[in-house]
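Contents: one structure, followed by commentary.
Just so it is clear, none of the values below were taken in a lab; they were calculated from the coordinates. Remember, it's a predicted structure, so these values are computed and weren't measured experimentally. Here the Cβ positions follow ideal geometry from the backbone for every residue, glycine too, while neighbour counts run over all protein chains shown.
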Amino acid sequence: MTSNDPVYHTLKMMEQEQKPEFRQIGMDPRDFRTVLKHIHEAGYADASGLTPAGQEYIQAYERRLRPTPRVTRRDLA
C-alpha cells in the first residue's frame, strides 16, 4: 500500500531535513499551502521543525500502513 496523504509526505520530508516543495509531493501550489497551514495549525511543526505531535502523526500513519498479521481459528483457541 502506498501513501497518498500529503500531510504525511510533507512531515516525512521535514523529518528527513529536506525542504518540502509542492512539485516533490505532486500537488498544486494552492493545495500545498493548505497542507502547510494545516500542519502549522495542528501543531505538527513550527519554525524550528517537526514537533513531537508531528513525529506521532508520522508514526501513527506508518503503523496503519503495516500489514496486519492474519489471525486463524487456531490462533484464537
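The residues neighbouring ILE25, those whose beta-carbon lies less than 11 Å from its own, together hold a net charge of -2 under the Lys/Arg +1, Asp/Glu -1 convention.
Looking at the P(r) of the chain, how many percent of alpha-carbon pairs lie beyond 18 Å?
Values: 1351 of 2926 pairs.
The share of Cα pairs beyond 18 Å in the chain comes to 46 percent.
GLN18 to HIS40: FRET efficiency via 1/(1 + (r/R0)^6), r the Cβ-Cβ distance, R0 22 Å, to the nearest 0.05? Before the final figure, lay out each step's value.
Values: r = 18 Å, r/R0 = 0.80.
Computed FRET efficiency for GLN18 and HIS40 comes out at 0.80.
Using a simple charge model, +1 on the beta-carbon of Lys and Arg, -1 on the beta-carbon of Asp and Glu, nothing else, what dipole does the chain show about its Cα centre, in debye to the nearest 20? All intermediate terms of the calculation are to be shown ahead of the outcome.
On the way: 12 positive and 11 negative charges, 95 e Å.
Here the chain has a charge dipole of around 460 debye.
Estimate the FRET efficiency between ARG30 and LEU65 by the formula 1/(1 + (r/R0)^6), using the beta-carbon distance for r and 35 Å for R0, to the nearest 0.05.
Numbers: r = 27 Å, r/R0 = 0.77.
After rounding to 0.05, the efficiency reads 0.80.
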